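Contents: one structure, followed by commentary.
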Amino acid sequence: MISDNAPDGFVRTSRDGAVLTVTLDRPEQLNAQTPATWSALAAVGESLDDDVRVVVLRGAGRSFSAGLDRSLFNPEPNDDGGLGDLGRAPAEEAQQRIRVYQRGFRWLRQPGIVSVAAVQGHAIGAGCQLALACDLRVLTEDAQLRLPEPTLGLVPDLTGTSNLVELVGYSRAMEICLTGRKVGAAEAHAMGLANAVVPADQLDDAVAQLTQALLGPPAGASRATAALVRSAVRSDPDTQDAAEAAAQVLRLRELAGGR
């Protein structure tokens, strides 16, 4: 199945059994993002059926995503969705619009799926935050991650800060965010931002192998385990122990035929 979710958002999807591939398809602009992109991504998340187990997120061409489309930096208030327009809106309205944009990122860790970002070339700003929003990341050797927002007088506001802290810890996240420096693939792998780093011509095969490994366990056990891993990030030990026990009882009851 191949579909075009939003022509002006440049988001395409294809389905192969339990695997849904989502592609940012604007290679001539290095997959620069707009509010239409985030709306299209959110629509993909809202349309998932129970049979989808793995979502692979890709960028067409030589870069994953170079971040915001340059048109969004227009300071004029009549540029809908631009930073100038957003900065002149009433505070509550502007915050609500940003919360809507964030929906295009948050669904990538929703229950029932495991998401994998296949990252080549640049993943900058919103592009980096989109890669961070996924559960797992496979990078090519030339990949570079960067959150330059503070150097531009802004902040990462598309779910990037919480995801980065979860992945690399407080002090590393603070340094990466405030300096806006590039994080290369080798460093990303060393600090836990990347699950694997491969030559560019091996990216497709590496993602396919990881996807097949993720589909190996039974769906129920896989989804229950993924939910536990996600909750472990924020739960205290006693709460997490109780969650493990409850999840295991459900698995045992299913294996025993519901008795």
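Which whole number in µm²/s is D for the stretch 113-259 by Stokes-Einstein, with the Kirkwood Rh taken over Cα pairs at 20 °C and 1.002 mPa s?
For the chosen part, D equals 127 µm²/s.
For the chain, what are the DSSP H helices with axial Cα length of 24 Å or more and mean Kyte-Doolittle hydropathy of at least -0.5? Could the numbers behind the result be given before it?
Numbers: long enough: 237-255 (27 Å, -0.41).
What comes out of the filter, once short or polar helices are dropped, is 237-255.
About the Cα centre, and with charges only on the beta carbon of Lys, Arg (+1) and Asp, Glu (-1), how big is the dipole of the stretch 2-214? Nearest 20 debye, please. If you can, show how the numbers build up before the last one.
Working: 18 positive and 27 negative charges, 86 e Å.
The dipole magnitude comes to about 420 debye.
Output the relative contact order of the chain, whole-number percent, from Cα pairs under 8 angstrom with separation of 6+ residues. Intermediate results must be reported in sequence, preceding the final value.
Values: 466 pairs, mean separation 37.5, N = 259.
Relative contact order of the chain: 14 percent.
Give me the one-decimal nm value for the distance between modelled label points at V155 and R253, 7 Å along each residue's Cα-to-Cβ direction.
Placing both labels 7 Å beyond Cα along the Cβ direction yields 4.2 nm.
Might you report the magnitude of the Cβ-based charge dipole of the stretch 208-259 about its Cα centre, with Lys and Arg at +1 and Asp and Glu at -1, to the nearest 20 debye?
My answer is approximately 240 debye.
How fast does the chain diffuse by Stokes-Einstein, in µm²/s, taking the Kirkwood radius from C-alpha pairs at 25 °C and 0.890 mPa s?
Details: Rh = 19.2 Å.
Estimated via Stokes-Einstein, D reaches 128 µm²/s.
All of the numbers you see were taken from the coordinates with simple rules; none came from a lab. Just so it is clear, the model here is predicted, and its values are computed rather than measured. Cβ coordinates were reconstructed from backbone atoms using ideal geometry, including for glycine residues, and neighbour counts include every protein chain displayed.
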